[in-house]
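One structure below.
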Amino acid sequence: MSQVETPGAMSVAEAIRRKRAIRRYRPEPVPEEVIEAILRAGRRAQSSKNTQPWTFILVTDREQLQRVSTAGNHAAHIPNAAFLIVLVGPPGSEFDLGQAAAYMQLAATAHGVGSCVTTLHDGEAAHAILAVPPELECRYSIAFGYPAEEQPPLRPGGRRPLSELVRRERY
């Protein structure tokens, strides 16, 4: 494994703890090796019956990033991202696509790259802009880039306690 595949000693638990939705990015590009490491993490995600139903569309062109942003209701951050990955799959593969998205975001965090999941609400526009075949869905994307600002320290708490979330054996 290369250093790009195993950046530093950040544990999965630490990447999960540090992960935040980042919508403001520095203008510097993310090195191709890091982009590929993020894509490889998505490729390694588990999927139902190992079907690996995904295709990842990598978007780096500024004009294309702008076009794709028009397909989302809350996508104003996309044109300023270093790159975007659009997750494409057959209907019913949303959970598997979510697995791939999570793996890619955690890999990005380990590399110091911020990310934000964005829904492409206008599916017709997304299909047209990205030339996605009509039998596939392309509703979800992830914008990536180096955070524009230093992230403030994590707040104590910040999440509901497990006692509010977990039910044992039944609701």
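The values are calculated or read from the model by the stated rules, or taken from the named source; none is laboratory data. Because the structure is predicted, anything quoted here is derived from the model rather than measured. No Cβ is skipped: glycine too gets one built from the backbone with ideal geometry, and neighbour counts run over all protein chains shown. Heads up: the accessible areas ignore ligands, DNA and RNA and are worked out on the full protein's heavy atoms, side chains in. Shrake-Rupley method; radii C 1.70, N 1.55, O 1.52, S 1.80 Å.
How many residues does region 40-60 hold that are among the aliphatic types (A, V, I, L, M) and more than 15 Å from Ala131 (Cα to Cα)?
So in region 40-60, the residues among the aliphatic types (A, V, I, L, M) come out as 41, 45, 57-59.
Add one more test, that the residue is more than 15 Å from Ala131 (Cα to Cα), and what stays is 41, 45.
So the count comes out to 2.
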Being buried (at least 16 other Cβ atoms within 10 Å of the Cβ) and on the phi > 0 side of the Ramachandran plot is the filter here; which residues of region 47-88 pass it?
Gln52
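So that you can scan it fast, the table gives a plain yes or no per residue for (1) small (Gly, Ala, Ser); (2) buried (at least 22 other Cβ atoms within 10 Å of the Cβ):
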| residue | (1), (2) |
| --- | --- |
| Pro91 | no, no |
| Leu97 | no, yes |
| Met104 | no, yes |
| Ala107 | yes, yes |
| Gly112 | yes, no |
| Thr119 | no, no |
| Ile129 | no, no |
| Val132 | no, no |
Can you pull out the strands (runs of 3 or more DSSP E) entirely within region 64-171 that have at least 2 residues that are over 12 Å from the mean Cα position of the chain (by Cα) and without any contact (Cβ under 8 Å) to a residue 60 or more places away in the chain?
83-89, 137-145
Collect the residues in region 25-46 that are assigned to a loop (DSSP other than H, G, I, E, B) and either open to solvent by 20 Å² or more (accessible area, probe 1.4 Å) or farther than 23 Å from Leu136 by Cα (or both), keeping them in residue-number order.
Arg26, Pro27, Glu28, Pro29, Val30, Pro31, Arg44, Gln46
Please tell me if Phe56 is at pLDDT 95 or above, among the aromatic types (Phe, Trp, Tyr) and part of a helix (DSSP H, G or I).
no
